[in-house]
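The structure appears right after this line, and notes come after that.
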Amino acid sequence: MALSEALTLAIETLSWMELDGLSERSAFVKASRQLGIGRLESLKLAHMIVLETVKRRNFIDRIIHQEVTPENFAKLTLGIKNFLRIYVYWTKFKKPSLQEAVSLAKLGRKILGSKELKEVELALGRLLPVDPKRILRECGSEEERVALRTGHPTWLVNYCFKFFGKPRALKFFEFNARFKHVYLRVNTLKGDEGDLRGEIEEEGVELEEVEGLKHVYLLKGTRRPLTKLASYRRGFFHIQDKSSCFAALATAPRPGDAVVDACAAPGGKTSFLAQLMENKGRIYSLDYSKERMDLWRKEMVRMGVKNAEPILCDVTKPLPLKLEADAVILDPPCTGTGALMKVPSMRWKFSPRMLKRFQGIQLSMLENCSRCVKVGGKLVYSTCSITLEENELLIEKFLKFHPNFTLVPVEPPIGSPGFRGQSLCRRLYPHLHGSEGFFIAKMEREY
């Protein structure tokens, strides 16, 4: 029962992702509601199948193309195409018995219909003896082999080999495949940190303090989903990667400051800034998405934030603010190449051409944000990308045309120094720092 429901839900989720370009989360929620599937066992199994299939999509498709040509595969209905992908994931990476593989094929016929599945029936049998190791051996280059083995686009493997060197790039890709760290930030707007941590741990949560990042903890274990805990509903903590926490701490706002949080929704950084400011002063939180700002509002209520004001606007255009801020933090849209472990579908959505497009958006946002910074104020720029175009190269361009800004040290001093002589900037990597891949630059307006 659970496998049948999970398979149905996984096929539908993958189909919505391909049809409408939805994220794993959005497609999963839509498909589960559409199908009326609510059993926890089925939901957990379907979620695992979706994530693992998406993560390996390039290798899975290469295996399928051994028996179904790319042209014929493209002509298949979404349901059949994604069942084939799941079937290959299940038979090649979970390595079930022959009887289990046959049972999965039978489930596919039941869900999609024997008539629908008839055109790939022969392929199901012929795919069973296909050896993934043989495909890897036959790859034309090491970059292609690494791309298939670790589940990353070949262009990104080539890019990282070139700019970071092969040893560092290989560690990055290998760690991406198994990254599972989860971090919590204890919300001192709700009380004393020690007392709050105690209440969280009483609900079966095991935490480990993260050195150098105040209020931040690594999740070591939990008996129940974090969002189901009373301490979560009461706003005692926020689930937030250490890199995002680092960006807020690097901004270093003081109680009473005027702060702008650009691209603020759904509110993780805003709520941490408010915590650091002790709910004193003012935070102007900017975002273009009404839906995401609705989530921001709910999060501010849950976390007890009193000093933040939401402003719906497009940061690529002049900001609707007339103030000189003590600090402005910008976390613009990016390729997300540092967070591929959390959103696997992003691996297959971006191409090298999109780097220039994102850089243009990011630069216009940074220039607009810079106009709100007072003399002596700070401008913090961060991305969850590891590319030079979105980070060091962009900062170079900005500083070239804005000599009134200069790089200053990022505190606390964790991570690795930036490239291209930008040693004051900081980079985080999953394999070195146990976080998303991340970049932070901090600048001060001198005149």
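Just one of (1) in contact with a Pro (Cβ under 9 Å, 6 or more places away or on another chain); (2) closer than 22 Å to GLY338 by Cα; (3) basic (Lys, Arg) fails for LYS214. It is (2).
Look at ALA101 and say whether it is on the phi < 0 side of the Ramachandran plot, aliphatic (A, V, I, L, M), assigned to a helix (DSSP H, G or I) and surrounded by fewer than 14 Cβ atoms within 10 Å (Cβ to Cβ). Judged against the criteria, ALA101 is not a match. Among the residues of segment 161-185, those that are modelled with pLDDT of 90 or more and under 30 Å from GLN275 (Cβ atoms) comprise HIS181, VAL182, TYR183, LEU184, ARG185. So is LEU424 closer than 15 Å to ALA250 by Cβ and in contact with a Pro (Cβ under 7 Å, 6 or more places away or on another chain) or not? Criteria met by LEU424. Within the option set ILE111, ILE86, being under 21 Å from GLU5 (Cβ atoms), modelled with pLDDT of 90 or more, touching a Phe, Trp or Tyr at 6+ places or on another chain (Cβ under 9 Å) and among the β-branched types (Val, Ile, Thr) holds for one residue only, ILE111.
Got a number for residues in segment 257-287 being touching a Cys at 6+ places or on another chain (Cβ under 8 Å) and of a type in the set (A, V, I, L, M, F, W, C)? So the answer is 4. Looking across segment 104-131, the residues that are assigned to a helix (DSSP H, G or I) and among the charged types (D, E, K, R) come down to LYS106, ARG109, LYS110, LYS115, GLU116, LYS118, GLU119, GLU121, ARG126. Counting only helices (runs of 4 or more DSSP H) that fall entirely inside segment 13-80 and contain at least 3 residues that are surrounded by fewer than 17 Cβ atoms within 10 Å (Cβ to Cβ), the qualifying elements are 24-35, 40-55, 70-75. One residue stands out in segment 272-300 among those that are over 17 Å from LEU249 (Cβ atoms) and of a type in the set (Phe, Trp, Tyr): the one that is surrounded by the fewest Cβ atoms within 10 Å (Cβ to Cβ), namely TYR288.
Which of the residues that make up segment 351-384 are outside any helix (DSSP H, G or I) and either touching a helix residue (DSSP H, G or I) at 6+ places or on another chain (Cβ under 8 Å) or surrounded by fewer than 19 Cβ atoms within 10 Å (Cβ to Cβ) (or both)?
Of everything in segment 351-384, those that are outside any helix (DSSP H, G or I) and either touching a helix residue (DSSP H, G or I) at 6+ places or on another chain (Cβ under 8 Å) or surrounded by fewer than 19 Cβ atoms within 10 Å (Cβ to Cβ) (or both) turn out to be SER351, ARG371, LYS374, VAL375, GLY376, LYS378, LEU379, VAL380, TYR381, SER382, THR383, CYS384.
Selection of first residues in segment 81-94 that are closer than 14 Å to VAL68 by Cα and of second residues that are aromatic (Phe, Trp, Tyr) and in a helix (DSSP H, G or I), restricted to Cβ pairs under 7 Å at least 6 apart or on distinct chains, gives the following pairs, ordered by first then second residue: LYS81/PHE73. Selection within segment 149-177: residues that are in contact (Cβ under 8 Å) with a residue 40 or more places away in the chain and not in a helix (DSSP H, G or I). The member of this set that is surrounded by the most Cβ atoms within 10 Å (Cβ to Cβ) is HIS152. Taken over segment 214-236, the criterion of being touching a Lys or Arg at 6+ places or on another chain (Cβ under 6 Å) and either of a type outside the set (Val, Ile, Thr) or in the same structural domain as ILE386 (by TED's automatic domain parsing) (or both) is satisfied by HIS215, GLY235, PHE236.
Does SER364 satisfy the condition of being touching a Ser or Thr at 6+ places or on another chain (Cβ under 8 Å) and modelled with pLDDT of 95 or more? Criteria met by SER364.
Yes or no, residue by residue, for (1) outside any loop (DSSP other than H, G, I, E, B); (2) surrounded by 17 or more Cβ atoms within 10 Å (Cβ to Cβ):
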residue	(1), (2)
GLY194	yes, no
LEU213	no, yes
GLY221	yes, no
SER231	yes, yes
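Rundown of residues vs (1) touching a residue at least 24 places away in the same chain (Cβ under 8 Å); (2) within 18 Å of VAL88 (Cα to Cα), yes/no style:
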| residue | (1), (2) |
| --- | --- |
| GLU5 | yes, no |
| THR8 | yes, yes |
| GLU24 | yes, no |
| LYS30 | no, no |
| LEU51 | yes, yes |
| ASN58 | yes, yes |
| ASN72 | no, yes |
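Is it the case that segment 303-319 has a residue that's polar (S, T, N, Q), in contact with a helix residue (DSSP H, G or I) (Cβ under 7 Å, 6 or more places away or on another chain), closer than 30 Å to GLY151 by Cα and crowded, with 17+ Cβ neighbours inside 10 Å? Working first, answer last.
Residues of segment 303-319 that are polar (S, T, N, Q), as a first pass: 307, 316.
Within this subset, residues satisfying the condition of being in contact with a helix residue (DSSP H, G or I) (Cβ under 7 Å, 6 or more places away or on another chain) are 307, 316.
Still in the list and also closer than 30 Å to GLY151 by Cα: none.
No, every residue in segment 303-319 fails to be polar (S, T, N, Q), in contact with a helix residue (DSSP H, G or I) (Cβ under 7 Å, 6 or more places away or on another chain), closer than 30 Å to GLY151 by Cα and crowded, with 17+ Cβ neighbours inside 10 Å.
When SER370 is tested against the conditions (1) among the small types (Gly, Ala, Ser); (2) without any contact (Cβ under 8 Å) to a residue 12 or more places away in the chain; (3) in contact with a His (Cβ under 8 Å, 6 or more places away or on another chain), the lone failure is (2).
The values are calculated or read from the model by the stated rules, or taken from the named source; none is laboratory data. Please read these numbers as outputs of a predicted model, since none were measured by experiment. Because the Cβ atoms are built from the backbone with ideal geometry, glycine has one as well, and the counts that use them run over all protein chains shown.
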